[in-house]
Amino acid sequence: MKKAVLVSLLSATILHSPLSAQTMDEMWDNRSSGKEHANINWFKDAKFGMFIHWGLYSKLGGEWKGKKYFGSGEWIMNQARIPVKEYEQVAANFNPIDFNADEWAQLAADAGMKYMVITAKHHEGFSMYDSKVTSFDMTDATPYKKDPMKPLSEAARRRGIQFGFYYSQFQDWYEPNGGKNGWDFDESKKNYQLYYEQKAIPQIKELLTQYGPLGILWFDTPGGMTKEQTQNFIDSLRLLQPGCLFSSRVGHGLGDYKDLGDSEIPSGPVPGAWESLYTHNDSWGYIQHDLNFKTPEQIIQLLAQVASRGGNLLLNVGPDGNGRIPEYSIKYLKEVGKWLHINGEAIYGTTYGKIPDQPWGVSTSAPGKQFLHVLKMPDDRKLLVPVNSKIAINKIYLVKNKQAVAFTRKGNDLIIQLPALPHSANEVVVMEYKGITPDYTLSMPVTISSRFKENLAEVVRAGLQGNAQLKSLTYSHYYGDWKHTTCITDLKDSTDGISFNLRFTDAADYRIILEYACDPASAKQEGVLLFNEQPLYFRTLKTGSFEKNAPLLFIRQVAGIVSAKAGEARISIHPVNNGKELFKLKSLIVEPVK
Ligand code: FHN
């Protein structure tokens, strides 16, 4: 049951605001047909891919007429409401002389990426290849006059990297009947079918017939087609390449695998083939002034977290208008590649982990093996691992040098003593065993240990009573740089409640902390946290209202200190009075008193 809740937690699929009014996040479709595609296994084993957003917007680099734009650089034509007549001029100056297909493909190989997906046409409507369907393309509209996609597709395949195209099938701000240019054209008068028949479908057929075998066709922000039309659309394209996978944003739940919302990671295992997709900085398209790049450690840990839920990480790079991939992307991806070169077996070909998130990290699975990804090394390098008592542990060793490590078992607990090790973004320990390890459920007690400065109990691990709901709140800081925070909301009556089952590894005093967001209207309300039967009273502090295009700020409020014995304990949280929502709880934090 919990897993069903988990999957439903992911950002809701298509909300029912009219097409023209739908925002980006309302145009995600994370459903797949559920039918296993015959050619899905390479995708499931790949685990790590390169997304490339490259277009005329890369030349603008987030600036138009001297004004800087923040967030999704590939949306600058829309953000600045640039008329098609003016935007066409950008193509006239688009000349990526530094583009080098082998360098791009080699970077993906050096980074340990097994597939590559590049924008053949994004919402701006410009074709980044040689298309016979329009003259608004690389060979007719730019001084570059060449098709970069041919050499890139070949360079990728020469390195055993699956190659695919991103194609914006509905949004096309260049075409009078394409979706979502409401500043040049009247959206209500558009004939989307005409646009599909005259541009989208013929172009996708060009991509499926002129660039060799494609691994993926990556669709995006679906719209303007009924389910039946989408099925016909898919069937006609499948004839050209039956082996090509179609992403879930083809729409109507007809994709071959699921794409989650932008920058979304599930809170627990999700069965089937799926992908999390992230920018390397805050934008898909190149923005000169966006240097908020994820570090190698952040990427390595993100890759492990996504793999521990059973999915792939598609990480984006945004080359500039000259065809150069940003220096920090090159430098940091190569660092990730060095880690994968040593630890790849703990990622490639694995499935979701059977050990729930622990204070030290996450797990991935292979037959007879659990890979323990130590993302936070305990002070005493002792790992506590809850395991099913029926399994027989053969051996435990470090993946990087096969060095055996010592371990003891106490009931359902495995205690692994790691040797002194240099800092690593992710130290992988392999547990080889015989026997069945059942899937974990999120209702398993959350491990609390005094070995960690901070023990996090995420709300997906909580039980809900009354009106309390688990919700994934989606918001952005700038524009299109989406963030997702899962919270428990709607705790408004004293009979509503949240409960956590905890398991303390050792007796000690612990500080209990609530991490929440509180709407000004909900401030100064009384709540009670019961540690077993011991009450801790608190009064909520305002942090701000939830808005879609603004940060959702959280506060950490100490509820109090408790003296815990080793073993299981229960925490429940309730409003004292009825009426207003108490707060939006993000997590419970338990800190050992030092
Ligand atoms: O609007 C696009 C956006 O520009 C970018 O391509 C992302 C990548 O997933 N997809 C849409 C927003 O979700």
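The values are calculated or read from the model by the stated rules, or taken from the named source; none is laboratory data. Since we're looking at a predicted model, the values are computed, not measured. We place every Cβ from the backbone using ideal geometry, glycine too, and count neighbours over all the protein chains shown. In case anyone asks, the SASA skips ligands and DNA or RNA and just uses the protein heavy atoms, side chains included. Shrake-Rupley method; radii C 1.70, N 1.55, O 1.52, S 1.80 Å.
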*For segment 311-431, what % of the accessible area comes from carbon and sulfur atoms, probe 1.4 Å?*
55
*Mean Cα-pair separation over length for segment 17-136, i.e. relative contact order, pairs under 8 Å, 6 or more apart, %*: 33
*Debye, to nearest 20: dipole size of segment 176-290, +1 on Lys, Arg Cβ, -1 on Asp, Glu Cβ*: 380
*Just need the Rg to Rh number for the chain, please, alpha carbons only, Kirkwood Rh.*
0.99
*Taking the mean number of other Cβ atoms within 10 Å as a proxy for protection, how do you rank 556-568, 320-332 from highest to lowest?*
320-332, 556-568
*Listed highest first by mean packing, meaning other Cβ atoms within 10 Å per residue, what order do 515-524, 92-101, 172-181, 275-284 come in?*
275-284, 172-181, 515-524, 92-101
_Magnitude of the charge dipole, segment 67-170, Cβ model with Lys/Arg +1 and Asp/Glu -1, debye to 20_ = 180
*Please give the residues of segment 421-448, grouped as numeric ranges, whose backbone N is less than 12 Å from a label point set 7 Å along the Cα-to-Cβ vector of D413.*
447-448
*Would you mind telling me the antiparallel percentage of the DSSP bridges in the chain, rounded to 5?*
70
_Using a Förster radius of 25 Å, what is the FRET efficiency between N578 and L541 based on their Cβ-Cβ separation? Nearest 0.05, please._
0.80
_Under 24 Å, Cα to Cα: Lys pairs in segment 346-412, sequence gap 8 or more or different chains_ = 25
_Set the bar at 28 Å for Cα to Cα. Now go through K258/K586; K121/K586; K483/K594; K85/K190 and name every pair that lies beyond it._
K121/K586; K483/K594
_Value of relative contact order over the chain, rounded to a whole percent, pairs C-alpha under 8 Å and six or more apart_ = 14
*asked:* Name the residue from N177, A38, I118 whose Cα lies farthest towards the positive end of the charge dipole of the chain, charges +1 on Cβ of Lys and Arg and -1 on Cβ of Asp and Glu.
replied: A38
*Towards the positive end of the charge dipole of the chain, with charges on Cβ (+1 Lys, Arg; -1 Asp, Glu), say which of V250, A559, Q229 has the farthest Cα.*
A559
*asked:* Starting from the 7 Å offset along Cα-to-Cβ, what nm value, one decimal, do you get for the label separation of Y397 and L291?
replied: 4.4
*In nm, what is the difference between 0.36 nm times the number of residues separating T226 and D98 and their Cα-Cα distance?*
41.9 nm
*What residue among Q210, W104, F94 has its Cα farthest toward the positive end of the dipole of the chain, where the charges are +1 on Lys, Arg and -1 on Asp, Glu, each on the Cβ?*
W104
*Given labels modelled 7 Å from the Cα in the Cβ direction, how far is it in nm from K524 to R159?*
6.1
_As an exercise, use a Förster radius of 41 Å and the Cβ-Cβ distance of D506 and I342 to find the FRET efficiency, rounded to the nearest 0.05._
0.80
*With the radius of gyration and the Kirkwood radius both derived from the Cα set of segment 363-494, what is their ratio Rg to Rh?*
1.05
_Taking the 0 to 90 degree range and rounding to the nearest ten, how far is the long axis of helix 227-238 tilted relative to the main principal axis of the chain, both from C-alpha atoms?_
70
_Point-charge dipole on Cβ atoms (K/R +1, D/E -1) for the chain, about Cα centre, debye to 20_ = 1620
*Averaged per residue, what accessible surface does segment 178-317 expose to a 1.4 Å probe, in Å²?*
30
